[in-house]
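Below you'll find the structure, written out as structure tokens, and then a few comments.
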Amino acid sequence: MKLSLVELSTVEPEKTRHEALMNSIETAQIAEHLGFERIWVAEHHGARAIAGRAPEVLIAAIAANTKKIRVGSGSVLLNHYSPFKVAEVFCTLNELYPGRIDLGAGRATTGRVIDLALQHDRSKIFHSNSNEQLAELLAWLENGFPDDHPFSTVPIHTDDSIPQMYLLGSSTWSSNAAATLGLRYVFAGFINQQQAPEIIDNYRQNFSPSDNKTSAKKPEVILAVHAVCADTEEEARLQLAPVTLMYQNLAMGKIDSTVPSPDDAVKALGRLPELTHYQSGSRRIPKFIGGNKESVHNQLLEIAHDFQVEELMIQDMITDYNAKKKSLHLLADMIGEGGPMDY
């Protein structure tokens, strides 16, 4: 079993964004020491509770302060940017830290105002064509434009290797695109639990192998889930209270609230959040996976087995940094458990 992290840079109560970003660098160092495969950083704009908004900046800082762990974006929101610029940025990162950089590309709306603010031309609403943008990004990375294409005259000059390419998503579109282009696929199970089986199966069934530098010869899936591990189930429930409250606030339209301490979140909720445990064979991922070491390990191994994946990516929004570090240490004990999957 391989474990990886997607890091949000959660801003703890009464702490600064600087401290959140420094915690992300330390988290990467801890993850590297514990044997995690990779750490990816997220892109969230206009979020009071999350400091991670510029993956390319934080990737460079993390890679500079670690030695071997893979570092990447989870994800860079391609629909807001020039594929040429994204390719140049990630090739530069790979030149600085050869063989360690992952380019995780995805798409997302960030709200009408921020979507417009991210546009260069504000004279009209821009509707991106995700298929075209993704194809263009791959062409830049591979210097693969046809000879009669105007972009073929401007290759990206880089070293022998390029960033390892992944497509992230939680929809049928991302599954289809990754399969058609022969890309490695990361499914956001913490976003779309209900459709996870169908979308991942669709990717595998329709996968077209490719010899391109950005592609894979066989389907490769990483499944991302939200998980918290603690000494006791009660402690895990406590640490899941802030993110539970955050989702409750989002459902009520409160999109720019801070994320409180665990104790304050429990007070606001009126109770500890309940846990839903994964049922072996169901392929229905809980929104939040939590519990003691044995419980979480068993659930993650069962999920990996049922979805036939050899790598899980862990997200959390723990607002007690010491509890976060404890969770990482407990999770790391399962690295290497389980055997190879039969596809």
Scan segment 284-343 for residues that are of a type in the set (Ser, Thr, Tyr) and modelled with pLDDT of 95 or more and jot them down.
Ser295, Thr319, Tyr321, Ser327
Can you report the number of residues in segment 49-78 which are closer than 24 Å to Tyr247 by Cβ and not hydrophobic (A, V, I, L, M, F, W, C)?
6
Collect the residues in segment 141-169 that are closer than 21 Å to Gly99 by Cα and within 23 Å of the chain's Cα centre (by Cα), keeping them in residue-number order.
Leu141, Ser161, Ile162, Pro163, Gln164, Met165, Tyr166, Leu167, Leu168
Between Arg112, Arg100, which is of a type in the set (Lys, Arg) and under 25 Å from Met313 (Cβ atoms)?
Arg100
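Results for (1) more than 17 Å from Met165 (Cβ to Cβ); (2) part of a loop (DSSP other than H, G, I, E, B); (3) modelled with pLDDT under 95, shown as yes or no for each residue.
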{"site": "Val186", "(1), (2), (3)": "no, no, no"}
{"site": "Gln193", "(1), (2), (3)": "yes, yes, no"}
{"site": "Pro197", "(1), (2), (3)": "yes, no, no"}
{"site": "Asn202", "(1), (2), (3)": "yes, no, no"}
{"site": "Ser208", "(1), (2), (3)": "no, yes, no"}
{"site": "Asp211", "(1), (2), (3)": "no, yes, yes"}
{"site": "Thr214", "(1), (2), (3)": "no, yes, no"}
{"site": "Lys218", "(1), (2), (3)": "no, yes, no"}
{"site": "Val225", "(1), (2), (3)": "yes, no, no"}
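Being aliphatic (A, V, I, L, M) and part of a helix (DSSP H, G or I) is the filter here; which residues of segment 123-163 pass it?
Here is the first cut: in segment 123-163, the ones aliphatic (A, V, I, L, M) are 125, 134-135, 137-139, 141, 154, 156, 162.
Those that are aliphatic (A, V, I, L, M) and part of a helix (DSSP H, G or I): Leu134, Ala135, Leu137, Leu138, Ala139, Leu141.
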Evaluate the following for Gln279: is it at pLDDT 95 or above, surrounded by 20 or more Cβ atoms within 10 Å (Cβ to Cβ) and under 28 Å from Pro219 (Cα atoms)?
no
Given (1) in contact (Cβ under 8 Å) with a residue 40 or more places away in the chain; (2) at positive phi; (3) surrounded by fewer than 23 Cβ atoms within 10 Å (Cβ to Cβ), index of the condition Glu14 fails
(1)
So Ser174, is it at pLDDT below 95 and either surrounded by fewer than 20 Cβ atoms within 10 Å (Cβ to Cβ) or not in a loop (DSSP other than H, G, I, E, B) (or both)
no
Of all the helices (runs of 4 or more DSSP H) wholly in segment 236-334, which have at least 1 residues that are within 22 Å of the chain's Cα centre (by Cα) and either over 23 Å from Gln194 (Cβ atoms) or small (Gly, Ala, Ser) (or both)?
293-307, 321-332
Residue hits (segment 258-275; surrounded by 14 or more Cβ atoms within 10 Å (Cβ to Cβ) and in contact with a Lys or Arg (Cβ under 8 Å, 6 or more places away or on another chain)) are Thr258, Leu272, Pro273, Leu275
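The values are calculated or read from the model by the stated rules, or taken from the named source; none is laboratory data. Note that this is a predicted model, so its numbers are computed, not measured. Virtual Cβ from ideal backbone geometry, glycine too; neighbours counted across all protein chains shown.
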